[in-house]
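Please read the structure below before turning to the comments.
The values are calculated or read from the model by the stated rules, or taken from the named source; none is laboratory data. What you see is a predicted model, and the numbers here were worked out from it, not measured in a lab. Here the Cβ is made from the backbone with ideal geometry for all residues, glycine too, and neighbour counts use every protein chain on show. Surface areas here come from the heavy atoms of the whole protein model, side chains and all, with no ligands, DNA or RNA. Shrake-Rupley method; radii C 1.70, N 1.55, O 1.52, S 1.80 Å.
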Amino acid sequence: MKNVDDLIDDAAELAERGLSKGEIADELNVSRETASWLVDRSGAQPADSAEAAATGPSGPQDIHVDWSTIGRDSKRLTHIGRAMADLLAKEGESVDLTVGIEKAGTPLATTIARELDTDMAAYAPAKHQWDEGDIDDVGGGFSRNFATIRGRECYVVDDTVTSGTTLTETVEAVKAEGGQPKACVVIVDKQGLDEVGGVPVYSLINVVGVGRD
């Protein structure tokens, strides 16, 4: 089981490879704030008072999800993708496009597209370019190597919901291209979302935090 020190080491390794803090958040399945905190700790940079107040003495309040035992095995990944496709199947037969959110949502979307007989699109979210400051200053986009939206009904696929920001961004991007997102699906939802932007969200696993007084 990984502890915070392990995650700090992982964040340091990823940062040394040149990944942005947003990409590190994606790789570790944590929030951007948590990724930033981990990277700062890996460089032994002292937290300023504002950061300490926001994160607390032990870091941001977050949950790390490690599904690499699924991701490293094509058979397991296929089975998980099929289970996710089963959650979407009730949305009807008019959907002919599956949108995978890069990076981890794309291989899942591949299986789902095969299972539900749809084309496939890929979306790179803004957080992949984010390091510091306002994420609104950077933008995401659809890959030209995959299908275009072209006003089609579609599903949106990702691996983990941490804050819901990336899922919301992708739904809005699909709508901006004239598409009609019918449903979203993820492996793990850390927020317990029912919908984003009026689009239902399905998950295989919901993580529920239980606090103490």
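Taken over the stretch 191-213, the residue count meeting the criterion of being β-branched (Val, Ile, Thr) and open to solvent by 30 Å² or more (accessible area, probe 1.4 Å) is 4.
Taken over the stretch 1-30, the criterion of being open to solvent by 30 Å² or more (accessible area, probe 1.4 Å), of a type outside the set (Gly, Ala, Ser) and part of a helix (DSSP H, G or I) is satisfied by VAL4, ASP5, ASP6, ASP9, ASP10, GLU13, GLU16, GLU23, GLU27.
Listed residues ALA12, ALA52, ALA35; which is over 18 Å from GLY71 (Cβ atoms) and modelled with pLDDT under 70? I'd like the intermediate steps shown before the answer.
On the way: ALA12 fails: modelled with pLDDT under 70; ALA35 fails: modelled with pLDDT under 70.
Every option except ALA52 fails the conditions.
For the stretch 161-190, the set of residues classified as crowded, with 24+ Cβ neighbours inside 10 Å and not aliphatic (A, V, I, L, M) consists of THR162, THR166, THR170, PRO181, CYS184, ASP189, LYS190, listed by residue number.
Residues of the stretch 90-125 that are in contact with a Phe, Trp or Tyr (Cβ under 9 Å, 6 or more places away or on another chain), part of a loop (DSSP other than H, G, I, E, B) and either among the hydroxyl-bearing types (Ser, Thr, Tyr) or more than 16 Å from ASP73 (Cα to Cα) (or both): VAL95, GLU102, THR118.
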